[in-house]
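Asker: Here it is: the structure, laid out below.
The values are calculated or read from the model by the stated rules, or taken from the named source; none is laboratory data. Quantities reported herein were computed from a predicted structural model and do not represent experimental measurements. A quick note on method: Cβ atoms are made from the backbone with ideal geometry, for glycine too, and the neighbour counts reach across all protein chains shown.
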Amino acid sequence: MEYCKNCGSKLHDKYCAHCGQIARTERITLVYLLHEFFHFFTHIERGFLYTSWHMLTVPGKTVKEYVEGKRRTHQSPISYFFIWTAVYILLLFWIERRFGEMVVIDYKQYYGPVITTRFAISHLSIVLIVTMPFLVLYLWLLVTRKQYYYFETMIAVIYVYGTVILLQFVFAVSAVIVHLLNGVSVGLGISDILKIGYIIWFAFDFVKLLPVKHKFIRTTAFILLAFGTLTFWRIYGLPPIIQSFFLRD
């Protein structure tokens, strides 16, 4: 008789009936760790690549499915956001180590002065999270409050932010290719085209699935409020806060 190495219960199948751990655990080797790393990003239960692709192609349907309970095939929104943020930051770190600062991507004072821009990019998740409650409030008041709670609506915005970082990752990879081919740097502001286009695409794709009146007007109002808030925060809100509280001598 075999016993579960996790909880000590008797084993009768491939998995422990008490705690769910697999019956036969293997020794931890480099191959095991590489498998676990790959599994984390690609396994259908985690749904990372599946969710990434569907947030690009059918974002409204993807968010609606998750909020309404179809969650097994989708990556959870919080981990989705933080995974893409981590991957993007690691790519920027590699680019700077390989090519030098602002050689491939020219930040061009995207978040104010160069010093505040660098701080903002290295703390990107915090920079984005601050604006999240406002966009959730706009979407909830204008579109979803009759169908979803405020925090259910937050799921949509978290997924959107994660996908925006995915697109930033694509932009950074494209910038590397451009630099290798032509030896020029690409301005970070160009990535706004991807972000603006995606948020517009998501908003209309999501709202069309919900039973609300005046969909075009509501969607347009949300888009304008969202971009107004993000732009104000990037240009006028964030730089003085960083300089006052994080970069004081």
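Asker: For the range 198-219, does any single residue satisfy the condition of being among the small types (Gly, Ala, Ser), at pLDDT 95 or above and surrounded by fewer than 16 Cβ atoms within 10 Å (Cβ to Cβ)?
Answerer: Checked against the condition, which is being among the small types (Gly, Ala, Ser), at pLDDT 95 or above and surrounded by fewer than 16 Cβ atoms within 10 Å (Cβ to Cβ), the range 198-219 yields no hits at all.
Asker: Would you say ARG218 is touching a residue at least 60 places away in the same chain (Cβ under 8 Å) and more than 30 Å from ILE95 (Cβ to Cβ)?
Answerer: Yes.
Asker: Quick check, is ILE235 in the same structural domain as LYS64 (by TED's automatic domain parsing), under 21 Å from ILE126 (Cβ atoms) and of a type in the set (A, V, I, L, M, F, W, C)?
Answerer: Working: in the same structural domain as LYS64 (by TED's automatic domain parsing): yes; under 21 Å from ILE126 (Cβ atoms): yes; of a type in the set (A, V, I, L, M, F, W, C): yes.
Answer is yes for this residue.
Yes/no matrix, rows are residues, columns are (1) among the basic types (Lys, Arg); (2) part of a helix (DSSP H, G or I):
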| residue | (1), (2) |
| --- | --- |
| ARG72 | yes, no |
| ILE78 | no, yes |
| TRP84 | no, yes |
| VAL87 | no, yes |
| LEU91 | no, yes |
| MET102 | no, no |
| GLN109 | no, no |
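Asker: Applying the selection to the range 132-182, what residues are surrounded by 17 or more Cβ atoms within 10 Å (Cβ to Cβ), of a type in the set (S, T, N, Q) and more than 18 Å from ILE193 (Cβ to Cβ)?
Answerer: Matches in the range 132-182: THR144, THR153.
Asker: How many residues are in a helix (DSSP H, G or I), over 23 Å from ILE89 (Cβ atoms) and touching a residue at least 24 places away in the same chain (Cβ under 8 Å) when one looks only at the range 111-148?
Answerer: 6
Asker: Name the residues in the range 71-130 that are among the small types (Gly, Ala, Ser) and surrounded by 15 or more Cβ atoms within 10 Å (Cβ to Cβ), would you?
Answerer: Matches in the range 71-130: SER76, SER79, GLY112, ALA120, SER125.
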